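The values are calculated or read from the model by the stated rules, or taken from the named source; none is laboratory data. Just so it is clear, the structure is predicted and the values come from calculations on it, not from any experiment. Methodologically, a virtual Cβ is constructed for each residue, glycine included, from the backbone with ideal geometry; neighbour enumeration extends over all protein chains shown. Just so you know, the surface numbers come from the protein's heavy atoms only, side chains and all, with ligands and any DNA or RNA stripped out. Shrake-Rupley method; radii C 1.70, N 1.55, O 1.52, S 1.80 Å.
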Amino acid sequence: MSEIIAVYGSPRKKGNTAALLSRAVAGARDAGAEVDEIILRDYKISPCLEIYGCKKDGECAIKDDFQEVRDRILAAKGLMIASPVFFYTVSAHVKAFMDRCQSLWVKKYWIDKTAFGMWEPSRKGLVISVGATRGKKLFDGMLLTMKYFFDTLDMELWDSLLFRQLDFAGDVEKHPEYLDQAYERGQAFVRAVRKI
Ligand SMILES: Cc1cc2nc3c(=O)[nH]c(=O)nc-3n(C[C@H](O)[C@H](O)[C@H](O)COP(=O)(O)O)c2cc1C
């Protein structure tokens, strides 16, 4: 079990979000945390098929790599998740995983009958995202999606690192200050997670 888990959500392994997240991981490790890393595109995770096999006990009926990724995330106190903006929301890899977490939502709200908003966060999350354009609302969809995903995981959004006008792989290297910020947030995240 690791204290922090880092989930790389871009299909591009050497892209901008991956570079930022790996700096945050370096910061967290330098601050003394054990960090588990998952590159989502290396896992076979089907989209949710909406069969609601999870209604019985909260266990997703589709058996693939979802269970392993879910368990590694649930074992950690902090989640750092990185996704590029794709059509104003998360990447398909991240979305497929999130939708499978509907099984956790069913467990929390239907089976255990948790009242909406009546739970204490037991984990913290850091969101890292980038987009090619520079619109004011570029990250609105991403943040709303993450907020409800985090709710399902009993997690509060601790902070987000959001950078505009990064498009081609390597664009982030032209902004060493963004990478420094990611490293610093990684370090600070460890302190925040230890306060839970
Ligand atoms: C399928 C797809 C959809 C995209 N949608 C958007 C978008 O809605 N808004 C935007 O600003 N950039 C969009 N982009 C650009 C990416 O966000 C941008 O290239 C980003 O730097 C990719 O991050 P990565 O290197 O971590 O994969 C899209 C790119 C792809 C491939």
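What the table below lists for this structure:
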read-out	value
Gained length - Ala192 relative to Tyr148, 0.36 nm times residue gap less alpha-carbon distance	13.8 nm
Under 13 Å, Cβ to Cβ, from Pro121 - net charge with Lys/Arg +1 and Asp/Glu -1	+2
Span from the the range 59-113 Cα centroid across to the the range 163-178 one, whole angstrom	27
Cα gyration tensor category, rounded, prolate or oblate, for the range 1-102 with a/c compared to 1.5	oblate
Selection of trypsin sites (Lys or Arg not before Pro), the range 1-103, meeting DSSP coil and at most 16 other Cβ within 10 Å	Arg12, Lys13, Lys14, Lys44, Lys56, Lys63
Only Lys, Arg (+1) and Asp, Glu (-1) charged, at Cβ; the range 8-105 dipole about Cα centre in debye	300
Largest to smallest accessible area among Met155, Met118 [probe 1.4 Å]	Met118, Met155
Listed residues Gly186, Tyr43, Val130: farthest to the positive end of the dipole of the chain (Cβ charges)	Val130
Proximal aspartates and glutamates relative to Lys124, as straight alpha-carbon distance under 17 Å, when same-chain residues fewer than 8 apart are discounted	Glu3, Glu34, Asp36, Glu37, Asp71, Asp151, Asp154, Glu156, Asp159, Glu184
Probe 1.4 Å, protein heavy atoms only - accessible area per residue of the range 1-42 in square angstrom	42
Net charge dipole size for the chain [Lys, Arg +1 and Asp, Glu -1 on Cβ; Debye, nearest 20]	300
Accessible carbon and sulfur surface of the range 41-196 relative to its total accessible area, %, 1.4 Å	55
Value of [θ]222 nm, deg cm²/dmol, for the chain, DSSP H segments ≥ 4, -39500 (n - 2.57) each, nearest 500	-11000 deg cm²/dmol
Exposure rank, largest accessible area first [Met146, Met1; 1.4 Å]	Met1, Met146
Mean Cα-pair separation over length for the chain, i.e. relative contact order, pairs under 8 Å, 6 or more apart, %	31
List Thr133, Thr17, ordered by accessible area with a 1.4 Å probe, largest first	Thr133, Thr17
Partners for Lys13 among lysines (Cα-Cα distance below 23 Å; same-chain residues under 8 apart left out)	Lys44, Lys95, Lys174
Qualifying lysines (Cα of each under 21 Å from Cα of Lys136; at least 8 residues distant if same chain)	Lys147
Accessible area per residue in Å² at 1.4 Å probe, computed on the range 67-123	48
